[in-house]
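Some notes on the structure that comes next.
None of the figures in this text is laboratory data; all of them are computed from the coordinates on show. This is a predicted model, so every value here is computed, not measured. Neighbour counts run over all protein chains shown; Cβ positions are idealised from the backbone, glycine included.
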């Protein structure tokens, strides 16, 4: 494993935890998607996100320890954002979160395309291939929601719930300024968040949907409501036998 | 929802083969969702989606009229019998 600066590790950990949480939350829809074909597509997206998380953890944790690191840390040690952690118990919430998160995720990978961290730029290029599908998938649904009044109202209600939390994805790590100076990331979270607000605002207009965009940052050291039970459920299998090698 | 018949072509000289069917609200949605229904792990290089409503299906009764047409079946037995008879006559 390569030696990385604290700033680099912090950026990678925050992104990896986001990907882990969103992938796991999406995966809760396995078998419950609105129809079979969408169930398959959405769960593939979940699998892609978990794959990204694994690849990112692999840069900062020895391979043999990734499972334990990903699943058995104390909740206070996670650095995921509220948007990724939230439970989206209805399909409209899950869809809107998927769109908001992947719009941000694409910007975050692009921000790593020139990263000085060995291997990270290649990983970003590969992940962006997945993201092209994820964003087109989200857009495919979002562009259709204004056509049906009940669908539009549901999605707008979901936007009202999620937009205030969505900016949390741009909560910077404590050492972000160093990460920018070291070339780990090209631009700051703040710069990216402005691009994201522009994109989301333009898209909502294009989709014919109403929603108030803006960014309210969160704190990556604080877990959101419901995290503990979610975390326990993620660790259910590995906790059966913590000494076992999977 | 519309039903689409899915045809997948592997790399190389193989022809398009029927892979199954899927549902989607329209063709654009079908093109997004087909990938994960039928080609998650590089199973194909080209994919056709055909709206089932656009398929022209032939009445099975029409096809039933082609069963039991012995004169359309040449298994070579008549020619073999004739050759055998001519051989025996010549010897």
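Evaluate peptide B:34-43: per residue, the Cβ atoms of other protein chains within 10 Å of its Cβ; return the mean as an integer.
Mean partner shielding for this stretch: 3.
What full-extension length gain, to one decimal in nm, is calculated for residue A:146 and residue A:69 as 0.36 nm per residue of separation minus the Cα-Cα distance?
Residue separation times 0.36 nm, minus the Cα-Cα distance, leaves 23.5 nm.
Relative contact order, percent, of the stretch B:2-90 when contacts are C-alpha pairs under 8 Å separated by at least 6 residues?
29 percent
Jot down the radius of gyration and Dmax of the protein assembly as shown, Cα atoms only, both in angstrom.
27.6, 105
Working out 0.36 nm times the residue gap between residue A:244 and residue A:205, then minus their Cα-Cα distance, what length gain in nm do you get to one decimal?
Separation in residues times 0.36 nm, less the Cα-Cα distance, equals 8.9 nm.
Let me know the mean shielding of B:23-32 by other chains, meaning the per-residue number of their Cβ atoms within 10 Å of its Cβ.
Going residue by residue through B:23-32 and averaging, the value is 4.
Roughly how tilted is helix A:6-27, in degrees to the nearest 10 and between 0 and 90, from the longest Cα axis of chain A?
So the helix axis and the longest Cα principal axis differ by about 50 degrees.
Can you compute the modelled spin-label distance between residue A:125 and residue B:16, with each label point 7 Å from Cα toward Cβ, in nm?
3.4 nm
Partner chain Cβ atoms within 10 Å, averaged over the residues of A:31-39 - can you pull that number for me?
4
In what sequence do A:40, A:72 fall when counting other Cβ within 10 Å, fewest first?
Placing the least packed residue first, the sequence is A:72, A:40.
Starting from the Cα of residue B:50, step 7 Å along the direction of its Cβ; do the same at residue A:181; then give the gap between the two resulting points in nm.
About 6.5 nm separates the two model spin labels.
Once you put a point 7 Å from the Cα of residue B:88 and another 7 Å from the Cα of residue B:25, both along the Cβ direction, what distance in nm separates them?
In this crude label model, residue B:88 to residue B:25 measures out at 7.6 nm.
In degrees between 0 and 90, to the nearest 10, how far off the longest principal axis of chain A does helix A:189-207 point, with axes built from Cα atoms?
20 degrees
Using only helices, what value at 222 nm comes out for chain B when you add -39,500 (n - 2.57) per DSSP H run of length 4 or more and divide by the total residues, to the nearest 500 deg cm²/dmol?
After summing the helix terms and dividing by residue count, I get -10000 deg cm²/dmol.
For chain A, what is the calculated [θ] at 222 nm in deg cm²/dmol (nearest 500), taking -39500 (n - 2.57) for each run of four or more DSSP H residues and dividing by its residue count?
It comes out at -20500 deg cm²/dmol, rounded to the nearest 500.
Percentage of Cα-Cα pair distances in chain B greater than 23 Å, rounded to whole percent?
55 percent
Please give the helix B:77-90 orientation as an angle from the longest Cα principal axis of chain B, in degrees from 0 to 90, rounded to the nearest 10.
Helix B:77-90 sits at roughly 20 degrees to that axis.
Could you estimate the translational diffusion coefficient of the stretch A:156-233 from the Stokes-Einstein equation, with Rh from the Kirkwood formula over C-alpha pairs, at 10 °C and 1.306 mPa s, in whole µm²/s?
For these conditions, the coefficient is 110 µm²/s.
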